[in-house]
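None of the figures in this text is laboratory data; all of them are computed from the coordinates on show. Note that this is a predicted model, so its numbers are computed, not measured. Here the Cβ positions follow ideal geometry from the backbone for every residue, glycine too, while neighbour counts run over all protein chains shown.
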Amino acid sequence: MCIALLVFLLHWTSIRAQPVQMQVILRTPAPGALPVWAADPSIVQFILRNTSATAYDGAVISFAIRRLPSQGVVARSKDFHPQQPRFTVPPNGTLVLTGPQIIHESAIKFEDETLRQQAQATGQLPEGDYEFCARLLDATGREIGSTGTFCPRTTVMLPDPPMLLHPRNDSTLAAGAMPMFVWAPVTGALQPITYTLRVAPLFPGQAPVDALRLNALVLNVSNLVAPLYQYVPTDIPFAAFPQAVGFVWQVEALGPDGRPATRNNGRSEIFRFRFADTHSSLLPRDSSQRSTPGTTGDTTSGTFGTPSLPPGDTGSLIGRIELPGGFRIVLSPAIACSTATCTISGSGTLYLPILDDSVSVTFSGITVRRPSSSGEAVLLSGTIAVPVDTSRQFGLLALYMHHLEITPINVLLHGVWRTRWSDWGWTCSTADSIRFRVPLTTTGISRHQFALPVPWRCTGDGLLIGPCIELRLDTLDASIAVDTSRRPPALSPTLFASGTLELPCLIAGGQPVRGWIRLRLDRGKSDLIALLNTRLRDIRMLGAPLSFDADTVVVDLSSEANPAAFPPPEICSNPAWSDPRWRGVYASSLRARIAIGDDTLHTRFAAIFDQGSGRRHAVTFVAQLSSYDTISFGGFRIRLDSATVRMCLGVLQSVTARGIVLMPPSLQRPSSWSALDSIRVRLSGYDDGTRWRWNATLDLRGSLSLRFGSLAELILRDGTIEVLDPPQGGRRGYIEFSHLQLEAPADNPTGTADFYGLRIWNTGEIELESAEGWLDISRWAQLSVANLTIQAQEIGLGYSPRPGSGSHWWVGFSGGFDLDAASALPTGGSNGFRVRRLRIWDDETITSDGAYVSASIAGAFRIAGVLQWGDATLGGIPVRGMLGQLAGQFDCLGNLQARVDFALGSTAGVSPYRYWFIRGGAAVPGGVPIVPGAFHLVGGLFGAGWHVRLDGYGSALFTDAGGLVPPPPLRPDNTVGLLLHGGLVFADPALQLYRLTATTSLAFGTSTQVSLDGSLAVLPQIRLATGSFWAQFLHNSSPRTVSLGGSVDVNFINSPLFRTSASATFGVSSCLTLGPYSGEWIVADMDETYGSDLLGVKVITKGFLSITNLSARLCPTQGELYGSLRGAGVLGMHLSVGGVQLPHHVGLGFGSEFCGRYFYRYWYDGGNYRLTARAGGALDILTNFDYSGYPVGHYTQAYDHVRGWSYA
């Protein structure tokens, strides 16, 4: 046999209109078993090149296999079958796929019925030439690539079956020999091959093929890899079959999937052999071997061979035996029977209409009645076992008929009904067999019900519907009618499986919906559509506020058909519903109750229940109704015009309703406000994940106008109905207008005011929460009398809460008067009084945000101030009370400047407390001379308070330019009782040379504190030097401490030169702290641009030294010192040789960090003085040396390195 070489057929298609180019590589010859294509990656490969920037998710390969030269399609892919592999084509990239990634055995459809049956039985395509055409489809089914009109071709070649070698056909072996069975291996196979060896006894008159099919096997050895097998003594002995006239043997070649791998279904020819001591021949017996019948009483016993009849007896030859159910055994050869009854043994054939075929029958010791003249006897006693061992496929079930049990009463068929979920188009892993024993007649099998030993269960995931369904089948109802009047006989099977279906996502009475279901199985997957036989009442869907009743529910478990009138036309679009492979639950008419607000709407609609997004059970429906029902929403009555609910794949798309809201009868309003009785409302719902929630929006078409005659007009916008969840007593909801605008006058308004939060409760109560509006009337509300201008700036109206008194209506005013410069008073201009937002409440209480005053007399004084009351914030703490500030300059008192601020109130926290304070300061330019021309008293400050933390002016009484600075912030503090503060400021008359400040404070509270502070500034405008000192005495409940400290800063042109500080605390720990001190000094700075010229050599020198954070802390028993010191320097020379500059630099840098600590103790002990001491420290030194003679820019590397160490 020729060995086929593996070659590759390379095919390239380039269709410019398609974004993906497809290249197919197909092996030739190829195996005929398509499941091997789905398992072997070397048979077919796809190279996909995506030339677009689009990624295609969920793409599939659609293919068709055509037989040449007829071009008939023998097999094609089931596009978008649940088991068909899907993949993603990346943008602007290449994807390589193989057979297992594009082909699945369950997603292949055989177009030719003959080929389908052959492929199902043998797993092989017929030998011949084929072409493989493919298309690339995106997730929507659109073609984005193909092989075009030129499809790659291949040849399916099946190898020859095994060739038997030893024992040879019709050979005779030595008695007691243990034969070795040898055969030639299969050549040219495209897959691994295993062998099965079968050896069977051959009885007289039996065909070799019947012997292998019907008789008990001597050897049945499978999974043989080598082409030989040695018979061993532990095998079944050949002597166990003494009636055998010889033995037959055959070898079957199988592929990895257990299917035939060669021609002739993988089977070799059948060889016969015998042993030398066998007394019978493999050939039929001749006349000398005939048996003479023996007689016992009236019974004749017959055997194999030609019958011996008495002379002249023509009615004693049995040619047929009549059986129950209309069957007959045709004997071969006929058997003589000359008595009334005969006990006979023999063989024949039995025709079975259900198979339209005959089977071989062998019987022994049966009793029959003497045959009639036609040679037909009747079975009287005995049992005949007839092996059948064949199968027939009826729809989704396979009938395996094992054998017939024939008695004088009936003919019983022993067999098995077998099924696999994959045959039904499901992915459940269950495969089951139902054994049966039923009467068989020539007209078929009558109806029988079989209780399944183990019920068949399949979840919704296995049914490819989703998790919210479970099927349980427990009974099989089967019958097969045979019409023998037709040729060949017509079979009419009727197969049903029945059980229960559970829908956990539909709840009735707190339990999942269950119903009885009956599936017809004899006509294929298209009949897996059944009615759920149960009346559904008050069914609720998980996550949906509706319930429904239904009398008819269709369950579609088929992948080849959909229910009638499916899908309904008004629902959303889903391509899967137009595909026969869709599965789910369909109710063509539901009587539903949809909860809206506090009421329920009744409607009818069709609904689809299937697998939605996120692998959860989803419902799809559209409910529309037009009615004039009145529903309750948030306590308000709404007269509906229409309502629509749309749900698609478990996602609530829209819930809308329209109607007119009816105001509560208890709502008091002017009779002219009839517009409130015709407000339209729009209801919309949404799914928050646990339930449906509703929004109600007033359809105001922009706004709603309510007039106060000709005085004003109120415009309402943005209205909604809000629902209280849970209700508060009788309050269930309110209508809220988020924006209101008051215009005055009603016609041609000149002022407007905005209000927010008007609520109309379902009880008729009205609230306007925290809202106010002010009209700017400064353009037209102004009056001038005798140069006194009275001006109203704002008027207001509102309804808002007042602290401690609930909500009230109020009217308000902002304005004041101005005294013009043209008046008789010698003012300097900008004089007057203002009040800001003065409110007069409906209980005659008056409040205001504050008042302002400003006055000046030319050449005398200038005063400005502000007074505020109400709610405010001090130091980040909410307070309620009064705040005031007053500042002035008195020209008549030597330009004395003064500033005072004060407060009185209480905090607004959980534990409120009262506070007050007053503080201020005064400055006299030039001051009061103490040492004339040198030492003057130029100002002072004071302060007092209760429950406040008050910071004095300190050294910041004057700005650098000499002006009076604003006071620092303060903060209420209930840990401080009474606080007194005062101080004096001394300086030269011009306030330019120096300033000296001394302040003291006294605080009583949880502790007593006495503080003394001082500061000195030299040349304050350029801050040449500053210094400060402080001392503090603190007395708590037990300890007393005294703290001292000070600091010094030296600057030059605002650049720090020297800074140090020292502090000490005596009491609990008497320690003295010095520092930290930091400084930097330039020790050398000579550049070549102005440097030295020594003997024609330019010399450059740079260097610096710095001290950082030098600090010391000295205590009675311990101390510590730490800091860091660093510096760097560079020395450079520029030599000029022949006009060539030769720079040379030497750089040195160092850094050091150090710390030290000591402990000691000195004490007297029993006449001895003792001293213990410990000391320790650390020093870290870093140095760097650098030399460079190569210029980098203007300088050298060494020079630039040292610059990196410098301060600059």
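Worth a mention:
- Nearest-0.05 FRET efficiency for residue 572 and residue 835, computed from C-beta distance (R0 60 Å): 0.40
- Length added when fully stretched, residue 632-residue 240, from 0.36 nm per residue minus Cα-Cα: 131.9 nm
- Annotation: amide H-H contacts under 5 Å for residue 426 (H modelled 1.01 Å from N, sequence separation of 5 or more, or interchain): none.
- Ellipsoid semi-axes in whole angstrom, largest first, where each is sqrt(5λ) of the Cα gyration tensor of region 163-275: 25, 15, 12
- Pairs of Cα atoms farther than 16 Å apart, region 438-538, %: 66 percent
- Compactness check for region 7-156: Cα Rg over 2.2 N^0.38 Å is 1.00.
- Cleavage-rule hits, trypsin sites (Lys or Arg not before Pro), region 129-237, DSSP coil, Cβ neighbours within 10 Å at most 15: 142, 168
- Contour excess over end-to-end distance, with Cα ends at residue 1044 and residue 373 and 0.36 nm allotted per residue: 226.8 nm
- Burial ordering of 109, 525, fewest other beta-carbon atoms within 10 Å first: 109, 525
- If you plug the beta carbon distance of residue 340 and residue 435 into 1/(1 + (r/R0)^6) with R0 = 41 Å, you get a FRET efficiency near 0.55.
- Cα→Cβ-extended label distance, 7 Å offset, between residue 1160 and residue 752, nm: 8.5 nm
- Residue 577 sits among other residues whose Cβ lies under 14 Å from its own Cβ, and their net charge, with Lys and Arg +1 and Asp and Glu -1, is -2.
- FRET efficiency for the residue 1170 to residue 1033 pair, using the beta carbon distance and R₀ = 56 Å, is estimated at 0.95.
- Placing dummy labels 7 Å off each Cα toward the beta-carbon, the span from residue 853 to residue 1007 is 4.1 nm.
- Distance between the pseudo-spin-label points of residue 682 and residue 526 (7 Å out from Cα toward the beta carbon): 4.8 nm.
- At 1.567 mPa s and 4 °C, Stokes D of region 642-690 from Kirkwood alpha-carbon radius, µm² per second: 97 µm²/s
- Take the Kirkwood radius over Cα pairs of region 312-389, plug it into Stokes-Einstein at 20 °C and 1.002 mPa s, and you get 171 µm²/s for translational diffusion.
- You can think of it this way: the chain between residue 975 and residue 486 has 164.6 nm of extra reach, that is 0.36 nm per residue less the Cα-Cα gap.
- Amide N proximity, region 628-666 versus residue 598 label position 7 Å along Cα-to-Cβ, cut-off under 20 Å: 628-641, 657-666
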